[in-house]
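Asks: Here's a structure for you.
The values are calculated or read from the model by the stated rules, or taken from the named source; none is laboratory data. The structure presented is a predicted model; accordingly, all values stated were derived computationally and were not measured. When we count neighbours, we look across all protein chains shown, and the Cβ atoms used for this are built from the backbone with ideal geometry, even at glycine.
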Amino acid sequence: MTLAIFDLDDTLIDGDSASLWLGYMVQQGWADGDMLHTEQQMMRTYHLGDLSMLDYMNFWLKPLCGIAVAEIAQRADAFVSALIPPRVFPAARRQMDWHLQQGHQLLIISATADFIVRRVASMLGVDDVIAIELEEKDGCYTGSTQGVLSFHAGKVQRLQVWMDSHGSSLQGSYGYSDSVNDLPLLRAVEHASVVNPSSSLEQISDQHQWPQCHWQLDCLV
């Protein structure tokens, strides 16, 4: 079955769900407000393509260290329900629907934590997800990640493992992302498209003749 692979943050939704979650934790009193400034600096590095995702995750996971997985699940349910639906690009929904009409299989690959990505994917009607996995001990998060991080080339590595276990391939595949960090993934699929690209990604997409999608919350085209 043909794969239609979507990045999540700033591709399917307007904004970064990891940043939104951190802001939500601060608002709820679960995290120190000083984290927001540091996170903003790290995200600027991310958009330049220079972020160490391991460093970011070690920082981002500090408020979750020692918290029960079940408790975080309840918090994440409330977060996704309250903040994500208004941020979904209508055009992204239509593009996913088009792929379903063609009989394609939807897959979301994200460099955000699994417990957030799976909930957003479920809201969007997508069953298959690759995201950053978190380490657990005695029913609590340890504050560490586990396995290969689904970031940059790690997305392709994780995708290959997923395809091997599902009997899939990249033959005829489609890929959508907004980020220069996803160039390995965009180069791996047969039909790449960039979403609301930065100037640097726009130049690269022009070189590869990749279609450019300009998706907005208030735009129906």
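Asks: Could you check, for the stretch 203-211, whether at least one of its residues is among the aromatic types (Phe, Trp, Tyr) and within 19 Å of Gly49 (Cα to Cα)?
Replies: Within the stretch 203-211 (the criterion being among the aromatic types (Phe, Trp, Tyr) and within 19 Å of Gly49 (Cα to Cα)), the answer is no, since none of the residues qualifies.
Asks: Additional query: Please name all residue pairs, on different chains or six or more residues apart, with Cβ atoms under 7 Å, provided the first residue is in the stretch 97-112 and is surrounded by 18 or more Cβ atoms within 10 Å (Cβ to Cβ) and the second residue is of a type in the set (D, E, K, R) and in a helix (DSSP H, G or I).
Replies: From the stretch 97-112, the pairs are Ile109/Lys155.
Asks: Could you list, ordered by first residue, the pairs with Cβ atoms under 6 Å in which the first is in the stretch 201-219 and over 14 Å from Ser177 (Cα atoms) and the second is modelled with pLDDT of 95 or more and among the charged types (D, E, K, R), at least 6 apart or interchain?
Replies: Cβ pairs passing all conditions: Leu217/Asp14.
Asks: Right, something else. Check Val161, Val120, Val156, Val126 and return the single one that is of a type in the set (Val, Ile, Thr) and free of Cβ contacts under 8 Å to residues at least 24 places away in the same chain.
Replies: That would be Val161, the only listed residue that is of a type in the set (Val, Ile, Thr) and free of Cβ contacts under 8 Å to residues at least 24 places away in the same chain.
Asks: Same structure, new question: Is one or more of the residues making up the stretch 6-14 over 21 Å from Glu135 (Cα atoms) and free of Cβ contacts under 8 Å to residues at least 24 places away in the same chain?
Replies: So far as the stretch 6-14 goes, no, none of its residues is over 21 Å from Glu135 (Cα atoms) and free of Cβ contacts under 8 Å to residues at least 24 places away in the same chain.
Asks: Looking only at helices (runs of 4 or more DSSP H) that lie completely in the stretch 2-104, which have at least 2 residues being more than 22 Å from His214 (Cβ to Cβ), modelled with pLDDT of 95 or more and among the hydrophobic types (A, V, I, L, M, F, W, C)?
Replies: Qualifying helices (runs of 4 or more DSSP H): 17-27, 34-47, 53-60, 69-83.
Asks: A further question on this structure: Kindly state which helices (runs of 4 or more DSSP H) lie completely within the stretch 110-221 and contain at least 3 residues that are farther than 30 Å from Glu71 by Cβ, out of contact with any Ser or Thr (no Cβ under 6 Å at 6 or more places or on another chain) and small (Gly, Ala, Ser).
Replies: Once the helices (runs of 4 or more DSSP H) in the stretch 110-221 are filtered for at least 3 residues that are farther than 30 Å from Glu71 by Cβ, out of contact with any Ser or Thr (no Cβ under 6 Å at 6 or more places or on another chain) and small (Gly, Ala, Ser), what remains is 199-208.
Asks: Could you check how many residues of the stretch 183-202 are closer than 18 Å to Ile108 by Cα and small (Gly, Ala, Ser)?
Replies: Qualifying residue count for the region: 3.
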